[in-house]
Amino acid sequence: FERQDGRLQRQRLLVVANRLPVSAVRKGEDSWNLEVSVGGLVSALLGVNEFEANWIGWAGVNVTDEIGQRSLTEALAEKRCIPVFLDQELVHQYYNGYCNNILWPLFHYLPLPQEDRLATTRSFQSQFAAYKEVNQMFADVVNEHYQEGDVVWCHDYHLMFLPKCLKEYNSEMKVGWFLHTPFPSSEIHRTLPSRSELLRAVLAADLVGFHTYDYARHFVSACTRILGLEGTPEGVEDQGQLTRVAAFPIGIDSDRFIRALELPAVKYHIKELQERFAGRKVMLGVDRLDMIKGIPQKILAFEKFLEENPDWRDKVVLLQIAVPTRTDVPEYQKLTCQVHEIVGRINGRFGTLTAVPIHHLDRSLDFPALCALYAVTDVALVTSLRDGMNLVSYEFVACQASKKGVLILSEFAGAAQSLGAGAILVNPWNITELASSIGYALTMSANEREKRHQHNFLHVTTHTSQEWAETFVSELNDTVVEAQLRTRH
Ligand code: G6P
């Protein structure tokens, strides 16, 4: 982008997401500890040099005093982050309530139990009001920091109202919205009381993106069936105004994982794990402890496999890293108890005095330990009941250049569309099939493993997060230029 004085300047990107890429912990009245979280979106944008990315989002802490808000704002500014402050009640209604108890399960085709559904229906109006209020607060902060020419990229189901609020401030703003979860069939979306308002708010964006063509198609069908608008190959049209809708499958920063395998800390962990599990095959699950991840199904299938294959009982171990998440939402609390109970039962049943079949960890691992674990794994199990993409499957593949282990992957994860030919695809609801896939993976020939791995490795290393971000932003720039040309003619 050329400035008026002829010098080149990087385009400014305002990345707006519920959660900032750093989490803040208060150390004193005006001092903060900031930790960069390396999620998919953060690493995607870290590697992109074409833009200058600035972040706007919630810092994940409740800061009500003026000194705290000012000092945190200053500390975050050094990381190019701008906080949106939410009080406890708003977090409860918007984040725990509308986002994570209504939209998240619905978009993943998971109905709430009947009694919870009734309670949710009663609190629906106040939660939806909080959702809109928070989206407006985000819009206020974006508007305050917006400079002409910026690209505003809104993320995820937390901020479906944001495109509308932003365009009300300034119809010239370039606004993109990307959904990191699945978008469900219109038959599911239409059960939502606020179905039309949400769709209309998203359609205010210039470009709307999803991980897969199926999700994009579901969104367009919802707009045609629920709003009566016209769906075209480009997107959705309303009175001559086009909102472009397309698929942009995310990837990972694969080089970061490949390079990490050379680090002394990672090599040390690898050696330690190899010694610890010598003589046993290692199976691995890495998930946020979320009901969409199918963790109970995975563990029950492992139990069935051990039940039917006594010879394997002391020759295989399942390491399940279950990262705690959204712990104030009752559904997540119930899931934690359920998983602990199943793991306890299986370890009681098949454990010996010296070994247990399942190592279940309720915490995250640091990056070197995670990479080492991926590298020593023989079989990775991704059993999501629904998942927007699932980047654990990508991370595993990136770390498997020497081992060439097997990926068992749910057909309900977006990643099944890109890694399907290299992975063993499964329906995680079918425990019998899942158990026999475990057997197949553990005994697969080296030749077949090699072929499957090569397919996946090529995909993961060529469809990176950087490429994803660049493609979305350049498509957004083009979409806006095309719209301007159309209105001129
Ligand atoms: C999913 C969502 C993200 C979210 C992440 C962690 O990947 O798509 O938007 O940030 O889960 O969940 P949390 O509620 O802790 O932000």
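Leu41: at pLDDT below 90, within 12 Å of the ligand (Cβ to nearest atom), closer than 18 Å to Trp177 by Cβ and touching a strand residue (DSSP E or B) at 6+ places or on another chain (Cβ under 8 Å), yes or no? Here the answer is yes, as Leu41 does meet what is asked.
Among residues of the range 125-138 that are under 15 Å from Gly57 (Cα atoms), those with a beta-carbon under 8 Å from a residue that is of a type in the set (S, T, N, Q) and part of a helix (DSSP H, G or I) at least six positions away or on a different chain give the pairs Tyr131/Gln93.
Within the range 443-489, the residues that satisfy the criterion of being among the basic types (Lys, Arg) and at pLDDT 95 or above are Arg449, Lys451, Arg452. Looking at Ala119, Ala75, can you tell me which residue is free of Cβ contacts under 8 Å to residues at least 60 places away in the same chain and either within 14 Å of the ligand (Cβ to nearest atom) or closer than 22 Å to Ser37 by Cβ (or both)? Exactly one residue qualifies, and that residue is Ala75.
Counting only residues that are within 15 Å of the ligand (Cβ to nearest atom) and in a loop (DSSP other than H, G, I, E, B), which one in the range 1-38 is modelled with the lowest pLDDT? Only one residue tops the list, namely Val38. Considering (1) closer than 29 Å to Ala413 by Cβ; (2) away from the ligand (no atom under 13 Å from the Cβ); (3) not in a loop (DSSP other than H, G, I, E, B), the lone condition that Leu166 does not fulfil carries the number (1). Restricting the range 274-294 to residues that are in a helix (DSSP H, G or I) and more than 25 Å from Thr354 (Cα to Cα), which is farthest from the ligand (Cβ to nearest atom)? Filtering first and then ranking leaves Met291. Of all the listed residues (Asn143, Asn96), the sole one being closer than 21 Å to Pro83 by Cα, surrounded by fewer than 21 Cβ atoms within 10 Å (Cβ to Cβ) and within 14 Å of the ligand (Cβ to nearest atom) is Asn96. Being modelled with pLDDT under 95, within 16 Å of the ligand (Cβ to nearest atom) and of a type in the set (A, V, I, L, M, F, W, C) is a condition met by no residue of the range 335-350. Scanning the range 395-434 for residues that are under 22 Å from Asn447 (Cβ atoms), β-branched (Val, Ile, Thr) and part of a helix (DSSP H, G or I) yields one hit, Val397. Give Pro193, Pro233 a once-over and let me know the one that is surrounded by fewer than 21 Cβ atoms within 10 Å (Cβ to Cβ), at pLDDT below 95, of a type outside the set (Val, Ile, Thr) and in contact with a Phe, Trp or Tyr (Cβ under 7 Å, 6 or more places away or on another chain). Unique residue meeting the criteria: Pro193. Looking for something farther than 26 Å from Thr212 by Cβ and in a helix (DSSP H, G or I) - is there at least one such residue anywhere in the range 453-461? The answer is no; no qualifying residue exists. Any residue at all in the range 58-69 that is touching a Cys at 6+ places or on another chain (Cβ under 9 Å) and either aromatic (Phe, Trp, Tyr) or within 16 Å of the ligand (Cβ to nearest atom) (or both)? Looking through the range 58-69, at least one residue is touching a Cys at 6+ places or on another chain (Cβ under 9 Å) and either aromatic (Phe, Trp, Tyr) or within 16 Å of the ligand (Cβ to nearest atom) (or both).
Looking at (1) within 16 Å of the ligand (Cβ to nearest atom); (2) crowded, with 20+ Cβ neighbours inside 10 Å; (3) over 17 Å from the mean Cα position of the chain (by Cα), which is the only condition Leu90 fails? Tallying (1) within 16 Å of the ligand (Cβ to nearest atom); (2) crowded, with 20+ Cβ neighbours inside 10 Å; (3) over 17 Å from the mean Cα position of the chain (by Cα), Leu90 fails exactly one: (2). Might you check whether a residue that is under 30 Å from Arg486 (Cβ atoms) and hydroxyl-bearing (Ser, Thr, Tyr) occurs anywhere in the range 243-265? Yes, the conditions are met somewhere in the range 243-265. Residue pairs whose Cβ atoms lie under 9 Å apart, separated by 6 or more positions or on different chains, with the first residue in the range 267-288 and closer than 21 Å to Thr336 by Cβ and of a type in the set (Asp, Glu) and the second in a strand (DSSP E or B) and more than 16 Å from the ligand (Cβ to nearest atom), are Asp287/Gln320. Against the conditions (1) surrounded by 14 or more Cβ atoms within 10 Å (Cβ to Cβ); (2) out of contact with any His (no Cβ under 9 Å at 6 or more places or on another chain); (3) part of a helix (DSSP H, G or I), Phe219 satisfies every one except (2). With respect to the conditions (1) surrounded by fewer than 17 Cβ atoms within 10 Å (Cβ to Cβ); (2) over 18 Å from the mean Cα position of the chain (by Cα), His269 lacks only one, and its number is (1).
Scanning the range 191-215 for residues that are in a helix (DSSP H, G or I) and not aromatic (Phe, Trp, Tyr) yields a count of 10.
The values are calculated or read from the model by the stated rules, or taken from the named source; none is laboratory data. What you are looking at is a predicted structure, and each value in this text was computed from that prediction instead of being measured. Every residue, glycine among them, receives a Cβ derived from its backbone with ideal geometry; neighbour counts consider all protein chains shown.
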